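A short write-up of the structure that comes next.
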Amino acid sequence: MNGKRSKAEWLRRYASFVVILFVIAFGTSLSIRANLGSSPISAPPYILSLVPGVNLTMGQLTICMHVFFITIQILLLRRNFEARQYTQILVSFLFGFYTDLTMWLTGFLQIPFDINPMIGYPLRFIELLIGGAVLAFGIACEVRCDSLMLAGEGLPLAISKFLKKDFGKVKICSDTSLVLIGTIFMFIFFGRWSWEMVGVGTLVSMFYVGFMVRVFAPHIGWLDRIFIPKAERQAAAIVAADEWSGNRIITIARMYGSGGNAVGEAVAHRLGCPCYNRQIIDQTAREMGYSTDFVAQTEQNLPTSRLWELIFADSGIPASMNPSKDDAIYVNQSRTIRELAHKGECVIIGRLGNWILRDDPHVLRVFITSGRDFAVKQLVDKLHISPEEAARKIERVNTGRANHYWHYTGKQWTDIAGYDLVINTERTSIDGAVDMILRAFKNVK
């Protein structure tokens, strides 16, 4: 995708990144001014900048840290270190300058230590949340900009490539290590634990910022009007209008145990068209070189623990550089679903089909649900398991699907705004649901 960008678009993205970097620095400084602890990435330079006799500012120390990070990247990746990533050096100097500037600009916002705790701590917490939200907005814009990245993100990315480990886990270890290093500096130079340096604000930054990035991400598409020249946007709009083949498609999202698979297969049989479900897994496995079992266990299945890991590790890595296997599977399946929609009329079950084809005017988006007791009975009869085991399985699968949907769309899986038709099979029966879908499908042009 990046290779298709014009010089004008690249210039716009680089210029935008300069502004976005200021927003990130401002959010970081505002969070620090709350005096509840710095973010993991800023902990070492912030603590060192407070040491008596140190004549370097926080921004200057940040530059030193980032240059050190870049050096490690070069040593690890060697020939695989992309030439354009040397721009991290310039970015580091600019971010260091922004850090000092925003620390100066936010100086008057620092909550005094001698203020009444009943007033001071709520004010600090509010300032921390506002600063974290500003930082998250900046990170979301940075990812959307998809051009450059900070050395603090480049280092864990380089380590994950060098060790061939999951980026999320490496990012968690990296952030934890930075907090630990900051804590060691704190005890060496101050001899005590200071909650203003490493405290609740540090923990909040670890989770709250990542959460807010995902909240902002689906709502900043308007930035493309800044990143992409008007003429190119108009040309892309024409291509997008011609992209859809005109084939009528039905996408079916379903709660586990509601009979959604049976409904989809019956609808496809009545229409005389293909029904794609397991076939999407098989094609993804073939194209990516994974086993079908690995894809089946990974796609649409995001446990809450894994979701929190992703939130914790959320970062400013441009989308084009993201090494996540989860994301790679999602991108591959998205491409597969679009290709299937081009082939002809069909029914697509699950895989975020309603979201991936959300701009196609020829798609009927259906959500199948049912009562819990109905779903439990379906699983007991089909899998020959106990009602208790069926209930646990339903809860686990539905949670995984909901987390997966939220992770990639920023929206709730069960939000009816994402569907044209919602059917409760406990009320309508499988056959009744099929009839309702076919009647609605007649109105799709």
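Below are the figures for this structure:
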read-out	value
Accessible area per residue, Å², the stretch 36-82 with all protein chains present, probe 1.4 Å	48
Separation of the Asn247 and Tyr86 label points, Cα + 7 Å toward Cβ, nm	4.7
Accessible-area composition of the stretch 111-222, carbon plus sulfur, in percent [1.4 Å probe]	76
Solvent-accessible ranking of Tyr121, Tyr208, Tyr14, largest area first, probe 1.4 Å	Tyr121, Tyr14, Tyr208
Derived scalar couplings ³J(HN,Hα) [the stretch 132-149; Karplus, 6.51 cos²θ - 1.76 cosθ + 1.60; whole Hz; x for Gly, Pro]	x, 5, 5, 4, 5, 4, x, 5, 4, 5, 4, 5, 5, 5, 6, 9, 10, 8
Backbone HN-Hα couplings from phi across the stretch 413-419 [Karplus 6.51/-1.76/1.60, Hz, Gly and Pro as x]	4, 8, 5, 5, 5, x, 9
For the chain, size of Cβ-based charge dipole, Lys and Arg +1, Asp and Glu -1, in debye	680
Out-of-range pairs (alpha-carbon distance over 32 Å; input Lys4/Lys161; Lys164/Lys343; Lys171/Lys382; Lys4/Lys411; Lys4/Lys343; Lys7/Lys161)	Lys164/Lys343; Lys171/Lys382
Efficiency of FRET from Cβ geometry, Trp193 and Asn55, R₀ 30 Å, rounded to 0.05	0.75
Summed residue charge, Cβ within 15 Å of Gln73's Cβ, Lys/Arg positive, Asp/Glu negative	+3
With all protein chains modelled, accessible area of Val380 [1.4 Å, Å²]	40
Estimated FRET transfer efficiency when R0 is 41 angstrom, pair Ile115-Leu76 (beta carbons, to 0.05)	0.30
Choice from Asp166, Asp373, Asp327 showing the highest fluctuation, given a GNM over the chain with Cα pairs closer than 10 Å	Asp373
Chymotrypsin sites (Phe, Trp or Tyr not before Pro) restricted to DSSP loop in the stretch 134-203 with at most 13 other C-beta within 10 Å	Trp193, Trp195
Degrees between helix 167-190 axis and first principal axis of the chain (Cα, 0 to 90, nearest 10)	20
Distant-in-sequence amide H partners of Ile249 (H built 1.01 Å from N, under 5 Å)	Val363, Leu364
Convex hull projection area averaged over all views, the chain, Cα basis, nm²	25.4
Contour excess over end-to-end distance, with Cα ends at Glu389 and Arg233 and 0.36 nm allotted per residue	51.0 nm
Summed side-chain charge close to Arg248 - residues other than Arg248 whose Cβ falls under 9 Å, Lys, Arg +1, Asp, Glu -1	0
Fluctuation leader among Gln279, Gln60, Gln73 - the chain, Gaussian network, Cα springs under 10 angstrom	Gln279
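The values are calculated or read from the model by the stated rules, or taken from the named source; none is laboratory data. The model shown is predicted, which means the values in this text are computed figures rather than measured ones. Ideal geometry is used to build each Cβ from the backbone, glycine not excepted, and the neighbour counts take in all protein chains shown. Protein only, heavy atoms only, side chains kept; ligands, DNA and RNA dropped before computing areas. Shrake-Rupley method; radii C 1.70, N 1.55, O 1.52, S 1.80 Å.
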